[in-house]
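Quick notes on the structure that follows.
The values are calculated or read from the model by the stated rules, or taken from the named source; none is laboratory data. Since the structure is predicted, the reported quantities are computational estimates derived from the model, not experimental observations. Glycine gets a Cβ as well: all are built from the backbone with ideal geometry, and neighbour counts include every protein chain shown.
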Amino acid sequence: MTDVHILGIRHHGPGSAHSVAEALSTLKPDLVLVEGPPELDQVIPLVTDPDMVPPVAGLIYAVDEPRLASFYPMATFSPEWVALRWAVSTGTPVRALDLPAAHSLALKSASGVAPAEIPADQEEAVQPDAENSDDDSTAGGTTATDPHQAYRPDAIGLLAEAAGYSDAERWWEDAVEQRSPDPAERFEALIDAISEIRSLDKRPVDHPDVVENNRREAAMRRILRAAIREGHDRIVVVCGAYHAPALVPAGFPPAAADNKVLAGLPKIKVSVTWVPWTSDRLSLNSGYGAGVAAPGWYQHLFDHWMAPEPAGDVATTWLVRVAHALRQQNLDASTASVVEASRMATTLAAVRGRPSPGLPELEDAAQAVLCDGSPLPLALVHSELTVGRDLGTVPDTVPTLPLLADLAGSQRKLRMKASAMEELMVLDLRKPNHLARSVLLHRLALLGVDWGIPTDSGRTSGTFKEAWTLQWRPELAVSLVEASRYGTTVASAAAAFVSEEAQAAEALATLGRLLEGCLLADLPDGIAGVVSALAARTALQHDVPPLLETIAPLARTCRYGNVRGVDVGEVRKILEATVVRACVGLPTACAGLDDDAASAMRRAIDSAQDGMTLLPGLPTDDWHTALGTVASSDKIHGSVAGRATRILLDAGLVDANDVALRLARRLSVASPAPGTAAWLDGLLSGDATLLIHDRRLLGLVDEWVDGVPDDIFEDVLPLLRRTFSAFSRPERREIGEQLSRTESSSHAAPATYLDLAAAGPAISTMARILGWEAPA
Amino acid sequence: MTDAQNGTKVLRAHAENAYADELIALAAVDDRPRPPSWQLSPWAVTKYILGGTLANGVEISPKYLGSERLVEIAVASLATDRALLLLGVPGTAKTWLGEHLAAAISGSSTLVVQGTAGTPEEALRYGWNYARLLAEGPSRAAMVAGPVMRAMETGSLVRVEELTRIPSDVQDSLITILSEKTLPIPELNEEVQARKGFNVIATANNRDKGVNDLSSALRRRFNTVVLPLPDSIDQEVEIVTTRVRSLGQALELPADLAALSEIRRVVTVMRELRSGVTQDQRTTIKSPSATLSTAEAISVMTNGLSLAAHFGDGTVRADDVAASLVGAVIKDPVQDRVIWQEYLETVVRNRPEWKDLYRACRDLESSN
């Protein structure tokens, strides 16, 4: 007769983990079953690998649709982890028991709401960003974002709360651990309590959570039955406490009933691996359903309980660590204060009627004693100590996708370590290693793996500097898995991804961006794909602004592509053709624009102008002729016409007199003031040199502003303000000073009063010198 | 003299007298362990402060309406050998909480040192009866023990009000008392050793500038609890209502407090001016220099109550509170007046249901 022991645990509960460890070493089973989809079986033997450092997570994903994935995170203090390690290290057979992920993921996919239901208490269904960006209005938003809806109650948490504990782990220690020296007995006692809790569940049988749960428990029982039939002597089952009563063999429903529940479930092909996890993803504030609020605290408890001879009391050692963390932040925390804080925590627990201080008591005591009542210093240490900043690692031998292995290889070669902390990396692209890093990050960015986010590199206009904010988030692993369908190395995947995107892209601007992306990511293969797509698209493109907007990226590709060893001949041909096409269409495209369209057009013209100046030998004559037509037409929106005039003026093709004339004409009373202001904005925006150095223009503008009627002035003011506020402060001051000077000189003349009587003698002397006849 | 008689004769009864029946009831049901010299267990003290119903049906009135957590921390601090420092802006019930803690724990709230800029060292230590000192020479009989010394001898709580107003050198004489729990008397080559149960509750104001900040040596002998201003308007209205009612009884004002809307209005004005934004978060307003704490709202309402009782028909109306409201807001006659008028014209005027308050405040302005 097989002896089955059900250990109902609290996921991520250090107390449960400790009891599980004790139970396993006393029971010495010949088979261990751990809650989790059976697919995990293939990777379980890796848990004892020396390079396997928790927190890690089992990742199961659908091969054909990798974003359909589930994570099974485990920390050192997770009971499942303890059980797996015990079994593998003692050579005991170990298996996972739960509904196969092949079914649960298929069900998820079939329901259309990818991550709405969380199939296991301990897992997180991930919805990568790609999903969010899809305009998927069919997905039920509320359930998808609220994991607690589908989340089964933390049974042990409820029991602890009923007993008046603030911390379920402290309850476990007091109520479960202290009760019986035999760990197996402790779990027996728990099962009864959990059955009570389960009997209070009033949800209807067809509630989706209940259906889900029944399905899972049926699958668990099926695996357990099979194990019993194999004739093991003693089986230990480690599962969430909530499931414990359902797995007691004495209370099993007939096998046929379970088989009926499990019949005809959809199935998909899945793949399984381990990925590194972070302690901050374990914590609640990452929106993780079965998360723990304080992984750092749990780790501390677990280390304390597992130590053969624990040093000191668990609360005091914690406060010592808080004091250390405070000192690292340059805050005073003396040893005497730690003693006081520890005493305070104990008293506080007594005041609150709790048998021992939990984390809330320790935090309150630390705040009152160590931090002078202020919550700020404690917040400083919270993320470091209470949550923790650990990032797990997995050995190289885990079954991994070639793409992930390639990335790991590049990371090693470039000495870039993935870290859960946000850090800034400034790269000097003149150094080969830094250039290679930059290329890697750009490639990953193209693939949608945002490990690095480009940041402002500070006050430098040099093109050799690049700054990135690096932070590795576990869900990036999913993005990588998803990207792996494009290729087996980061480079080939990025190139294939770009080519595919280029074929699908409609807008020229997108293609331009892809082209630049290829350049930065050093993807010559990708460029070929984008260029051929561009050639096809530009020929068909009738709209002028997109054409104009492609000029700058293409010109940049030509200009800098050579430096990076890209063949730009083809690109240059497309560029020249694009410029000619844009120039032909420009004058007609500028006619009849409203304000919004005009501002879009102006941006396009500006960007094209940037591109034109970048590369010598482009057909600039055509460009300037087109701009000349735009500038001289009175039918074209002021903003665009003013801009064209400015570009021509800067190029020296229109002289200042001409501009003054046009300005005067535009500013005359007959033309409507808002149009005039827009023209002025087009002409002046950018930098103020024009106004500062050309007094005439300034005078004209000044005169016009003076002459605008009051009611119209209010309409014009915002436009003018926008124009002038773009100037730098010294420029504005200079303009102001010039204006006040003009004003005083123009007003000075008539204001001078000539006292003829006083000046008489001087005038007559003057006249005499000049040989004039002095009046008598 | 019984407490009831006492309550009718003195202007303001001590906490332990005013709530004597509650303390007795609590002691009767309190079977939890008590720290040495404590009249009640920490649990019962917390119950006394926060209020509630006892197992035997006795209703305990809440003394402090606010975070339960803070009260628990304060009580737990006193049970350790660190002293308690209550910190907060004026009017956040620091003194009030201190007095009730002393009453509940030691049965007496009368051992107080009022900190001022001129508090001498004698107030914290001991003084001399100079006639006796000259006649008999130094002896214990010629000594005049200060409140701290008496608390040490009896093992009870002593309160030090406005600790940061006391000059730094005088503050520092507390260090030995707090760390070694002894008070040396060098003149007699003797010392007073504190009995179990002795502790200090100090209050300090973290708003005033130019006060004598605690030295870090002294600071680390205190556990600090920062008392906040009430979070919600309902909580603040409740605090004001409770306090005004009990003050009204003490001052024997026959007015009724049916006009709860007046309290809500005063509290709203105070909160809005304090936070610099109107209740609906729509309009930004300037904040005057006054603290405008809950205590100010209480005094405005009590004043209004008194006006209504003696000069009106007993119902508190807008014109009863207007004068003291304006007085509470305008502490700086130039700047605060501008701020108040701005508030009056931009906020109060636009609330149709506040027309009477607007009129009353405007009448005050014109009569000035």
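List of remarks:
- Number of the exception - A:R572 against (1) at pLDDT 80 or above; (2) assigned to a loop (DSSP other than H, G, I, E, B): (2)
- Any hit, the stretch B:24-38, residues being more than 12 Å from chain A (Cβ to nearest Cβ), among the β-branched types (V, I, T) and either surrounded by fewer than 17 Cβ atoms within 10 Å (Cβ to Cβ) or part of a helix (DSSP H, G or I) (or both): yes
- The residues on offer are A:S744, A:S725, A:S764, and the sole one that is at pLDDT 75 or above, small (G, A, S) and more than 29 Å from A:S607 (Cα to Cα) is A:S764.
- Any hit, the stretch A:44-56, residues being in contact with a Ser or Thr (Cβ under 8 Å, 6 or more places away or on another chain), closer than 27 Å to A:A250 by Cβ and surrounded by 22 or more Cβ atoms within 10 Å (Cβ to Cβ): no
Rundown of residues vs (1) within 20 Å of B:G155 (Cβ to Cβ); (2) of a type in the set (D, E); (3) touching a residue at least 12 places away in the same chain (Cβ under 8 Å), yes/no style:
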site: B:D30; (1), (2), (3): yes, yes, yes
site: B:P42; (1), (2), (3): yes, no, yes
site: B:Y48; (1), (2), (3): yes, no, yes
site: B:G52; (1), (2), (3): no, no, no
site: B:S67; (1), (2), (3): no, no, yes
site: B:K94; (1), (2), (3): no, no, yes
site: B:S108; (1), (2), (3): yes, no, yes
site: B:V112; (1), (2), (3): yes, no, yes
site: B:T116; (1), (2), (3): no, no, yes
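- The residues listed here are B:P230, B:P184; of these, the one that is more than 24 Å from B:E296 (Cβ to Cβ), outside any helix (DSSP H, G or I) and away from every other protein chain (no Cβ under 14 Å) is B:P184.
- Among the residues listed as A:A333, A:A341, the single one being within 14 Å of chain B (Cβ to nearest Cβ), in contact (Cβ under 8 Å) with a residue 24 or more places away in the chain and not in a helix (DSSP H, G or I): A:A333
- Of all residues in the stretch A:181-214, those being buried (at least 19 other Cβ atoms within 10 Å of the Cβ) and among the charged types (D, E, K, R) number 2.
- For A:W772, the conditions (1) under 30 Å from A:D595 (Cα atoms); (2) modelled with pLDDT of 75 or more are fulfilled apart from (1).
- Candidates B:V75, B:V58, B:V71, filtered to the one that is among the aliphatic types (A, V, I, L, M), free of Cβ contacts under 8 Å to residues at least 40 places away in the same chain, in contact with a helix residue (DSSP H, G or I) (Cβ under 9 Å, 6 or more places away or on another chain) and more than 11 Å from every other protein chain (Cβ to nearest Cβ): B:V58
- The lone exception for A:E423 - which of (1) of a type in the set (D, E); (2) farther than 19 Å from A:P454 by Cβ; (3) surrounded by fewer than 19 Cβ atoms within 10 Å (Cβ to Cβ) it fails: (2)
One line per residue, one yes/no per condition, for (1) surrounded by fewer than 22 Cβ atoms within 10 Å (Cβ to Cβ); (2) more than 27 Å from A:P55 (Cβ to Cβ):
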| site | (1), (2) |
| --- | --- |
| A:V387 | no, no |
| A:R412 | yes, no |
| A:K417 | yes, no |
| A:H434 | yes, yes |
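- Meets criteria (closer than 23 Å to B:F222 by Cβ and within 14 Å of chain B (Cβ to nearest Cβ)) for A:V322: no
- Hey, B:R150 over 17 Å from B:S215 (Cβ atoms), among the basic types (K, R) and outside any loop (DSSP other than H, G, I, E, B) or not: yes
- None of B:G312, B:G304 is under 14 Å from B:L253 (Cα atoms) and surrounded by fewer than 20 Cβ atoms within 10 Å (Cβ to Cβ) except B:G312.
- Reported count of residues in the stretch A:1-22, each being surrounded by fewer than 24 Cβ atoms within 10 Å (Cβ to Cβ) and of a type in the set (G, A, S), is 1.
- Scanning the stretch B:78-101 for residues that are assigned to a helix (DSSP H, G or I), more than 10 Å from chain A (Cβ to nearest Cβ) and more than 27 Å from B:R274 (Cα to Cα) turns up B:H100, B:L101.
- Hits in the stretch B:217-227 (condition: more than 7 Å from chain A (Cβ to nearest Cβ) and either surrounded by fewer than 15 Cβ atoms within 10 Å (Cβ to Cβ) or modelled with pLDDT under 85 (or both)): B:A217
- Selection within the stretch B:193-216: residues that are small (G, A, S) and within 20 Å of the chain's Cα centre (by Cα). The member of this set that is farthest from the other protein chains (Cβ to nearest Cβ) is B:A202.
- Qualifying positions in the stretch B:161-181 - closer than 23 Å to B:Q39 by Cα and part of a loop (DSSP other than H, G, I, E, B): B:K181
- Residue among A:L348, A:L380 that alone is in a helix (DSSP H, G or I), modelled with pLDDT under 85 and either within 8 Å of another protein chain (Cβ to nearest Cβ) or farther than 17 Å from A:E169 by Cβ (or both): A:L380
- Failed item in (1) in contact with a strand residue (DSSP E or B) (Cβ under 6 Å, 6 or more places away or on another chain); (2) away from chain B (no Cβ under 14 Å), with A:D390 passing the rest: (1)
- Close pairs (7 angstrom Cβ cut-off, 6 or more residues apart or separate chains): under 14 Å from A:L684 (Cβ atoms) in the stretch A:696-717, outside any helix (DSSP H, G or I) anywhere: A:V716/A:V708
- Qualifying residue in the stretch A:75-90 (condition: charged (D, E, K, R), buried (at least 23 other Cβ atoms within 10 Å of the Cβ) and touching a residue at least 12 places away in the same chain (Cβ under 8 Å)): yes
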